[in-house]
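Quick notes on the structure that follows.
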Amino acid sequence: MSNPTHGMAPGLRIYLTGFTLALILTAIPFGLVAFEILPRTPALLTIAVLAIVQVLVHLRYFLHLDLKHTPRENLFALLFAAFLIFIMVGGSLWIMFDLHHRMM
Amino acid sequence: MSAASQSAPVAMPAGFLDTERRSKRALGFWVYLMSDAIIFALVFATYVVLSRNYAGGPTAAELFDLKRTFGETMLLLFSSATFGFATLAMLEGNRARLLVWLVLTVALGAGFVALEIGEFLGMIEGGATPDRSAFLSAFFTLVGLHGLHVSVGLVWILVLMGQLLIKGLTRPVASRLFRLGLFWHFLDIIWIGIFSVVYLPGVL
């Protein structure tokens, strides 16, 4: 664990780690699209996975969420919101694309 | 360590960010953020359903400029980092440094809004108005809603900078700054969704 950030204030190290990870996770999908490295479907999948990872990085390093210190009610609010989003967004897309498919 | 900082005039709780105590007090604000996330999620779903309905009008690939989107992304990401540094200055009770970081955050955020307004105006001049197609209605609703949030966030930062100058770095002002930080970082998270769902697949 000895790296150039050793000895820095813990707060600064946390923000810089999050910032560096976010930069990398942003550069990869933009690079994929700009230089047309992958075919369409794998590229879309990669973008989606990297976006989810980057959201988790932001939650961890910028919003300081973690399973140990964040109060349980905040985590419940987050999980409940994620559950609602899953049902409403997933349900809407399922219904609409099924409809689209049937009308073709 | 905590005993020493209690006696200081600004007396931020020791221990990094003291997340436990702060987030307990921010539960109400957290509930607001989650409900805002649900609103954004539904606007995202609407966009995804309508994103190919061009109605013979301009397509996403014709309209989107990846360089501009990358610039917007970088401005917002750097502004998230500068807000993080502002939070650290706040915890040290250093008002001058806190104000400098907030000024930088406002500058980066304003740059983002300026780029976005430029993008919207360019599209509208080219005939790609919100009423041209379902795709454009959904695009302006989603990206415009986020831009509106960022603009409100900028006003909010300016208001708290005023409070910092007039009232100083008191506990209530610090508490407000903490929630503003949550809001600002939340907006950057929404932007990850926007470039990953709207711009990159649109150009691909």
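The values are calculated or read from the model by the stated rules, or taken from the named source; none is laboratory data. Since the model is a prediction, treat every value here as computed from it, not as a measurement. All Cβ positions, even for glycine, are placed from backbone atoms using ideal geometry, and neighbour counts span all protein chains on display.
Here is how the numbers come out for the structure above:
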quantity	calculated
Failed item, numbered, when B:Ala61 is tested on (1) small (Gly, Ala, Ser); (2) surrounded by 17 or more Cβ atoms within 10 Å (Cβ to Cβ); (3) closer than 22 Å to A:Ala27 by Cα	(2)
Breaking point among (1) over 17 Å from the mean Cα position of the chain (by Cα); (2) part of a helix (DSSP H, G or I); (3) assigned by TED's automatic domain parsing to the domain that holds A:Gly11, for A:Ile95	(3)
Residue in the range B:82-92 that is without any contact (Cβ under 8 Å) to a residue 12 or more places away in the chain, surrounded by fewer than 16 Cβ atoms within 10 Å (Cβ to Cβ) and either touching a helix residue (DSSP H, G or I) at 6+ places or on another chain (Cβ under 9 Å) or not in a loop (DSSP other than H, G, I, E, B) (or both) present	no
Residue within the range A:67-77 that is under 14 Å from the mean Cα position of the chain (by Cα), assigned to a loop (DSSP other than H, G, I, E, B) and surrounded by 18 or more Cβ atoms within 10 Å (Cβ to Cβ) present	no
Failed criterion for B:Val113 (all others in (1) farther than 22 Å from B:Ser196 by Cα; (2) in contact with a Ser or Thr (Cβ under 7 Å, 6 or more places away or on another chain) hold)	(1)
The range B:24-58, subset among the charged types (D, E, K, R) and more than 26 Å from A:Glu36 (Cβ to Cβ), residue surrounded by the most Cβ atoms within 10 Å (Cβ to Cβ)	B:Asp36
Condition met for A:Gly11 (of a type in the set (Gly, Ala, Ser), outside any loop (DSSP other than H, G, I, E, B), in contact with a Phe, Trp or Tyr (Cβ under 6 Å, 6 or more places away or on another chain) and touching a residue at least 24 places away in the same chain (Cβ under 8 Å))	no
The range B:56-80, residues that are out of contact with any helix residue (DSSP H, G or I) (no Cβ under 9 Å at 6 or more places or on another chain) and charged (D, E, K, R)	B:Glu62
